[in-house]
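Colleague: Handing you this structure, nothing more for now.
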Number of protein chains: 4
Amino acid sequence: MSKIDDNKQLKRNALLNTAFDLFTTGKGFQKTSISDIVDRAGVAKGTFYLYFKDKYDIRNRLIARKAASIFLKATSALKRHKDTTSVEDKIIFIVDYVYGLFEKDKTLLGFISKNLSWGIFKNVLINSREETDVDFREVFLDLFNNSDVKYQNPEVLIFMIVEFVSSTAYSSILYGEPLEMNELKPYLDTAIRQIIQGQRVN
Amino acid sequence: MSKIDDNKQLKRNALLNTAFDLFTTGKGFQKTSISDIVDRAGVAKGTFYLYFKDKYDIRNRLIARKAASIFLKATSALKRHKDTTSVEDKIIFIVDYVYGLFEKDKTLLGFISKNLSWGIFKNVLINSREETDVDFREVFLDLFNNSDVKYQNPEVLIFMIVEFVSSTAYSSILYGEPLEMNELKPYLDTAIRQIIQGQRVN
Amino acid sequence: MSKIDDNKQLKRNALLNTAFDLFTTGKGFQKTSISDIVDRAGVAKGTFYLYFKDKYDIRNRLIARKAASIFLKATSALKRHKDTTSVEDKIIFIVDYVYGLFEKDKTLLGFISKNLSWGIFKNVLINSREETDVDFREVFLDLFNNSDVKYQNPEVLIFMIVEFVSSTAYSSILYGEPLEMNELKPYLDTAIRQIIQGQRVN
Amino acid sequence: MSKIDDNKQLKRNALLNTAFDLFTTGKGFQKTSISDIVDRAGVAKGTFYLYFKDKYDIRNRLIARKAASIFLKATSALKRHKDTTSVEDKIIFIVDYVYGLFEKDKTLLGFISKNLSWGIFKNVLINSREETDVDFREVFLDLFNNSDVKYQNPEVLIFMIVEFVSSTAYSSILYGEPLEMNELKPYLDTAIRQIIQGQRVN
DNA sequence: TATGAATGAGATTTCATTCAT
DNA sequence: AATGAATGAAATCTCATTCAT
């Protein structure tokens, strides 16, 4: 049974990986067909439907996976930086880390930022644990609860920062508009710090 | 000759309006076919291709048109409010006005905010005047030049605000996430004021 | 598995046969649409594209098939005529046989002679064996190697005769120009014999 | 009237020349549309239909023109070669001249040899004079009547040579099959001389 | 004569999904 | 569980031809 399950997991992963490649470096999501995916993954067309409902299903799973992986990397790095103590500094650390990941992997950025909505972010990353092994609720509790400074509405704060980061990263990193990221970064960091401070209680 | 040209403009507008209706209140952009558009617009299929290259072409023209129209309305309203004098207040006025428009016309919001990129915003609204009769450069010059307070990089400032507004409006107005707009609005206004203040020189 | 493969071969043949009928006795190649073919063959439109790239693909396969079949018939008949011994007589026998086939099947002639090029003739009939089970190389080796009389360049000789026969047959059999085939035939035979003799060595 | 007629002739020629360019060096006959032709020729679409019935009409006119021009050049050159006296030598001279023209202008060859049928050759070049100012009947009368050697059926002889030349030129000059023209030429000349001699009376 | 906007039938091609094996 | 042949609706786009100006 375990061997069969392994085999199934292998097929599923092959499909996910191939789909991601095609969505990002291939013809893009709309123009990639199920045929493209199964051909490259080396499975039969019918097999696709054993694992995913349709193309939108596999895309949403991928967004969840990739978003989870990004935050996992960022928060792991944060844990190693024990000297970063204030909420503000921690968020800026994570944000900078994520900007860095996006600069290194532009196709990932294109995929995530065009598709990640707060709904997916919240449902998949925080509430459910379908595509990830990490419970991000803890991470956020850690972030805000163990802080002297209190904030009006942590969820709203995170929401605003996530939207701000993903939309500005997209334009700057992929198109250099209105400035290249290295030039734009100081403005972005200032803006994010300002957004955070605006929610401070006392 | 004029009669023919009038007729052409009429046809073109019929196509644009029909397309917008179908993209927003109909089956959405992807599922709307050229056939759907021409059938409803009452022209032959070939006629579509006399005026637009393909579905993406007509969509981009529409985004430009609609974005221009939104900013035209907002800045016109601002002109009537002679007592709003500081840059900060003016921007907040415009932003609030735009949030208001979006709340009244959610389909417009859905259409604009998923499609408006800084590239289109800058090129179509500021640089070119293909789909609009207004020169928005003047508007922005007015905004920043006639102000006592100076800002580090006005273009970057506008960029950050546009991205912030369009992405937060989308989530809140269309999905009520993380809060309904009336609850979220104070946070957003505060955040925007903070972003602006962060760029103040002196 | 065999049952599926049989079925596939059946479908493919149904498409080939229907296409040939429509190209020759129907509206002709240009005016015959893929829809026409699949409708008559009783398969779905998509099925066509499982077996052939496009209309040109199926036409080329047909030319190869039909050309192979013509030569197979002619050379089989030749084998039965054991008393025809000289190369010259053998070629004239084949040529006459082919003219005869063309007269009996004018649609076949129209199809073949407008489309058969030396390239297809050589590649499909002699080099490859995609659409035929017969190796025509042997036939030609037989023809020239087992002969006392030698010829300068057998391939060039065959080339000239094939071009001569297919272009003259077309004009005479289909349009009676410049003469009907029964009147023209003596001139053609003489000409072919002359062409052959002109390449004799010694 | 004359000026208007000149203008008409100018338009007609512009269309013919443009069509020839597009048929030969552009997308080929099938893929060239009336739109392509009128756009390049700089006239309106409706104008095309004032001069030609359809695309097939303009093609046939072109074949006639080009074929006439080829034979005009060849026979003019022959007139200057007063020392070529026998019918056989004269025909070989013309044939060589034509092969030469085809080698210099491969697009012309492709166009002519795929489209020239004995029907067009005879009707347009010999019987009618729609697209040419020369009466080729005289040329052929000259050729055969002023000769000591007589031939069984001059028209059949010319027919066989025209078909032989155009089909062999096509394969050799355009595809180098079965040999490049410089290598193939001796075989072709021999074959043509043999064909002619085969029709000699006495 | 000349124009070129408009037509709309129809051609090619794709592709998600099913289902017998 | 896995396959992949078959489907056929539907999408995009072309283009010869007409006709009001």
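Colleague: Does residue D:75 satisfy the condition of being away from DNA strand E (no atom under 15 Å from the Cβ), surrounded by fewer than 18 Cβ atoms within 10 Å (Cβ to Cβ) and of a type in the set (S, T, N, Q)?
Modeller: no
Colleague: When you go through D:159, D:102, D:144, D:111 one by one, which is the residue that is among the aromatic types (Phe, Trp, Tyr), assigned to a helix (DSSP H, G or I), touching a Phe, Trp or Tyr at 6+ places or on another chain (Cβ under 7 Å) and at pLDDT 90 or above?
Modeller: So the residue among D:159, D:102, D:144, D:111 that is among the aromatic types (Phe, Trp, Tyr), assigned to a helix (DSSP H, G or I), touching a Phe, Trp or Tyr at 6+ places or on another chain (Cβ under 7 Å) and at pLDDT 90 or above is D:159.
Colleague: To continue, here is another question. Restricting to region C:161-176, what's the tally of residues that are more than 15 Å from the chain's Cα centre (by Cα), within 7 Å of chain D (Cβ to nearest Cβ) and surrounded by 19 or more Cβ atoms within 10 Å (Cβ to Cβ)?
Modeller: Total meeting the criteria: 1.
Colleague: Could you tell me which numbered condition residue C:64 fails, if it satisfies all but one of (1) within 16 Å of DNA strand E (Cβ to nearest atom); (2) within 27 Å of residue C:192 (Cβ to Cβ)?
Modeller: Residue C:64 satisfies every listed condition except (1).
Colleague: Out of B:184, B:179, which single residue is in a loop (DSSP other than H, G, I, E, B), more than 19 Å from the chain's Cα centre (by Cα) and at the interface with chain A (Cβ under 8 Å from one of its Cβ atoms)?
Modeller: B:179
Listed here are the residues, each with its yes/no results for (1) farther than 30 Å from residue C:151 by Cα; (2) in contact with an Asp or Glu (Cβ under 9 Å, 6 or more places away or on another chain).
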site	(1), (2)
C:8	yes, no
C:11	yes, no
C:25	yes, no
C:29	yes, no
C:40	yes, yes
C:46	yes, no
C:68	no, yes
C:79	no, no
C:109	no, yes
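Colleague: More than 14 Å from every other protein chain (Cβ to nearest Cβ), more than 16 Å from DNA strand E (Cβ to nearest atom) and either without any contact (Cβ under 8 Å) to a residue 40 or more places away in the chain or among the aliphatic types (A, V, I, L, M) (or both): is that true of residue D:41 in this structure?
Modeller: Answer is no for this residue.
Colleague: Something else: For region A:24-34, check the following and say yes or no: at least one residue is more than 13 Å from DNA strand E (Cβ to nearest atom), in contact (Cβ under 8 Å) with a residue 12 or more places away in the chain and in contact with a Leu (Cβ under 9 Å, 6 or more places away or on another chain).
Modeller: Yes; the residues of region A:24-34 include at least one that is more than 13 Å from DNA strand E (Cβ to nearest atom), in contact (Cβ under 8 Å) with a residue 12 or more places away in the chain and in contact with a Leu (Cβ under 9 Å, 6 or more places away or on another chain).
Colleague: Here's a follow-up. As an exercise: evaluate residue B:21 against (1) away from DNA strand F (no atom under 14 Å from the Cβ); (2) surrounded by 17 or more Cβ atoms within 10 Å (Cβ to Cβ) and give the number of the one condition it does not meet.
Modeller: In the conditions (1) away from DNA strand F (no atom under 14 Å from the Cβ); (2) surrounded by 17 or more Cβ atoms within 10 Å (Cβ to Cβ), residue B:21 misses (2) alone.
Colleague: What number goes with the only condition from (1) under 30 Å from residue A:196 (Cα atoms); (2) assigned to a helix (DSSP H, G or I); (3) away from DNA strand E (no atom under 16 Å from the Cβ) that residue A:83 does not pass?
Modeller: It fails just one condition, (2).
Conditions (1) under 30 Å from residue C:200 (Cβ atoms); (2) within 15 Å of DNA strand F (Cβ to nearest atom), marked per residue:
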position: C:10; (1), (2): no, yes
position: C:29; (1), (2): no, no
position: C:40; (1), (2): no, yes
position: C:62; (1), (2): no, no
position: C:68; (1), (2): yes, no
position: C:75; (1), (2): yes, no
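The values are calculated or read from the model by the stated rules, or taken from the named source; none is laboratory data. Here the structure is a predicted model, which is why all the values come from computation and not from measurement. Neighbour counts are summed over all protein chains in view; Cβ atoms, including those assigned to glycine, are modelled from backbone coordinates with ideal geometry.
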